[in-house]
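Participant: Below you will find the structure I want to go over with you.
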Amino acid sequence: MLRVLNKNIEACRVEPKYKKKRTESEQVVYATEYLWGGLPEDMQIVSEPVDLVVASDCVYHEGVVALLVQTLGALCRSRADGAPTVVVVGQELRSDLVHQAFVEGLLSTFVVHRMPVSESVDGAFALYVAWLKGVDLLS
């Protein structure tokens with residue numbers, strides 16, 4: 001997943017017409033792995049505000065749900081500027097029990113929307129978009 005994310009980031013990167021140093025106001029796209037439940041090995045994850053978290057196929061047992069939701073919440077709360085962090089989670093639906101625990105865990109902390117997926121994978125995969133409760137998504 002990480003290799004594909006980085007490949008897509010590079011493919012979509014737009015080079016400025018005139019080379020210049022990046023200013024603080026310019027956006028940076030960065031992808032890395034994060035073993036949730038603790039501090040990240042790569043501290044760049046938390047050194048700047050996080051706009052978007054993409055998690056893919058990471059809920060495979062109900063025992064990991066709480067750690068994942070806590071970690072996503074911590075990343076979203078790390079913004080000092082009050083802007084929302086959006087979480088996108090793609091998940092293969094393996095177990096109803098695990099899926100229910102995951103959705104309930106997300107709903108305890110986040111506003112959650114299930115997004116439509118292709119008919120060919122509906123029922124086998126789910127895609128969610130979420131942000132912290134009480135945060136104005138349009139700010």
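The values are calculated or read from the model by the stated rules, or taken from the named source; none is laboratory data. This structure is a prediction, so every number in the text was calculated from the model and none was measured. Cβ coordinates were reconstructed from backbone atoms using ideal geometry, including for glycine residues, and neighbour counts include every protein chain displayed. Surface areas here come from the heavy atoms of the whole protein model, side chains and all, with no ligands, DNA or RNA. Shrake-Rupley method; radii C 1.70, N 1.55, O 1.52, S 1.80 Å.
Participant: Under a GNM of the chain (C-alpha, springs under 10 Å), which listed residue has the highest mean-square fluctuation: Ala31, Ala66, Ala11?
Facilitator: Of Ala31, Ala66, Ala11, the most mobile in the Gaussian network model is Ala11.
Participant: Compute the angle between helix 2-12 and the longest alpha-carbon principal axis of the chain, please, reported from 0 to 90 degrees and rounded to the nearest 10.
Facilitator: 40 degrees
Participant: Stretched out fully, how many nm does the piece from Glu48 to Glu33 gain, at 0.36 nm a residue minus the Cα gap?
Facilitator: Length difference between fully extended and current span is 3.8 nm.
Participant: Follow-up question, since we're still on this one. Would you mind checking the tilt of helix 96-109 against the longest principal axis of the Cα atoms of the chain, expressed as 0 to 90 degrees and rounded to 10?
Facilitator: 50 degrees
Participant: Accessible area per residue of the chain at 1.4 Å probe, in Å²?
Facilitator: Accessible surface, normalised per residue, equals 70 Å².
Participant: Something else now. Looking at segment 21-124, which trypsin sites (Lys or Arg not before Pro) are in a loop (DSSP not H, G, I, E or B) and have at most 10 other Cβ atoms within 10 Å?
Facilitator: Here the trypsin sites (Lys or Arg not before Pro) that fit, given the DSSP loop and packing criteria, are Lys21, Arg22.
Participant: Now, a different point. Over the chain, what percent of the accessible surface lies on carbon and sulfur atoms, probe 1.4 Å?
Facilitator: 56 percent
Participant: Give me, ordered by chain and number, the residues 5 or more places off Val53 or on other chains with an amide H under 5 Å from its own placed amide H.
Facilitator: Result for Val53 returns Val86, Val87, Val88.
Participant: Check each of the GluC sites (Glu not before Pro) in segment 24-123 and keep only those in coil by DSSP with at most 15 other C-beta atoms within 10 angstrom; list them in order.
Facilitator: Sites meeting the loop and neighbour criteria: Glu24, Glu26, Glu33, Glu41, Glu119.
Participant: Semi-axes, largest first, in whole Å: what does sqrt of 5 times each Cα gyration tensor eigenvalue give for the chain?
Facilitator: For the chain, the semi-axes come out at 28, 19, 15 Å.
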